[in-house]
């Protein structure tokens, strides 16, 4: 359990130095294990056996400490440290004293471990060993999904994993039911209580620790740069989410990518995301979709990801989605990085501005004008042929994606 325990130590150390602390913090290009914010300084701390220094150099924080088993100064802003020396190096960065790991550990009670063991023991006494283990699996599954439907109306046709155990988890005070139906409700959405959340999170850390070598192998086989693009494109506050789509192939050539580009979907993504994330998301859902799917499937095999059916409160089905929790992504993030050329992002943004009919002079716009697809008018762009315009946008997006993939 060292990874989880060290994270707890770092969090406590930063809190005691007066920082506002965030664990599993997503900053746009990846996840950081622990980040502390104060009026005049921000400090990032990563815990990694094999720190990826290119990635760490990209951090937008005032100082970064990497607990990695060796001690040295990598740059003015980056310190490599070991667990025994972390408190000394943190003092160099912040000017505040904190306890050594050894001193902290001698005073610290692992309340999460005690609560997990006590809860598991109670489940075993009440339901037996096999059901108790399945209840833990169910809590982890619901934690990753966020919420799941529980239906007694017959409207839900897809199998909901572990739904037969939902009543047990409600009785244990680990699951909440909510419904929109006012009279004799038969359809509920279930989510974890605080105690259920606590058990699930502990079990996820236990699985990370158990499968550290396998996780590294998965990332290495898929490719650190590829995983980084997927991570930037799919990350949200809960971790990584991928809609399960059905299409053939995963070749990176322009003509393979082009049929997969749904211009309306790309535009929808780009309205709500900043350009770098929008580009990585579009690349992931086209050229890298199979690799992204493989990442999720291989993590499913070791209990660190799920594929689940998505329903709303009224039993409407929206397809399947994959999920990886933020604790797993924070761990994986330390192994990945790609130095993305911002020229690709600018080219992509120019195409998106054109699709929104925003006037931003660029080569692609000049080509569209030359071909008679659009014309310029005061304050914007006028489309002369919408079918040709939509196809032009698709081709230009495909060209950016193809060039981007060929760069790494």
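Before moving on, here are some points about what is shown:
- Principal-axis tilt of helix 224-234 within the chain, Cα atoms, nearest 10 degrees: 80
- Scaled against 2.2 N^0.38 Å for its residue count N, the alpha carbon radius of gyration of segment 342-405 is 1.05.
- Cα-based helix-to-principal-axis angle, 111-127 vs the chain, degrees rounded to 10: 80
- Each Cα pair under 8 Å and six or more residues apart adds its separation to the average, and for segment 49-99 the resulting relative contact order is 26 percent.
- Under the simplified labelling scheme, the residue 130-residue 267 pair shows an inter-label distance of 5.5 nm, with each label point 7 Å from Cα along Cα→Cβ.
- Most simply put, the chain has about 80% antiparallel DSSP beta bridges, counting only bridges with both residues inside it.
- Dimensionless Rg ratio for segment 1-137, taking C-alpha atoms and the 2.2 N^0.38 Å reference: 1.24
- At the listed q of 0.11, 0.14, 0.15 Å⁻¹, the Debye profile of segment 211-333, built from one uniform point per Cα, gives log10 I(q)/I(0) equal to -0.38, -0.62, -0.71.
- Cα gyration tensor, the chain - rounded (a/c under 1.5), prolate or oblate: oblate
- Gaussian network model of the chain, Cα within-10 Å springs - most flexible of 113, 183, 320: 183
- When the chain is treated as a Gaussian network with alpha carbon springs shorter than 10 Å, the biggest mean-square fluctuation among 95, 30, 69 belongs to 95.
- Equivalent ellipsoid semi-axes - Cα gyration tensor, segment 111-197, angstrom: 25, 13, 11
- Packing here is the average count of other Cβ atoms within 10 Å per residue, and on that basis the peptides 282-294, 152-164, highest first, run 282-294, 152-164.
- Rounded to the nearest 500, the helix-only mean residue ellipticity at 222 nm of the chain stands at -15000 deg cm²/dmol, with each DSSP H run of n ≥ 4 adding -39,500 (n - 2.57).
- FRET E, pair residue 57, residue 20, Förster distance 30 Å, beta-carbon r, rounded to 0.05: 0.80
- GNM top mover of 18, 233, 28 - the chain, alpha-carbon springs below 10 Å: 18
- Per-pair calculated FRET efficiency, R0 = 25 Å: residue 88 and residue 39 via Cβ, rounded to 0.05: 0.60
- Residue order, fewest to most beta carbons within 10 Å, for 222, 47: 222, 47
- Distance distribution P(r), segment 179-221, all Cα-Cα pairs, bin width 10 angstrom from 0: 23, 24, 24, 17, 11, 1 percent.
- In percent, rounded to a whole number, the relative contact order of segment 310-408 is 19, using alpha-carbon pairs under 8 Å and six or more apart.
Readers should treat all values here as calculations from the given coordinates under stated rules, not as data from a laboratory. Since the structure is predicted, the reported quantities are computational estimates derived from the model, not experimental observations. Because the Cβ atoms are built from the backbone with ideal geometry, glycine has one as well, and the counts that use them run over all protein chains shown.
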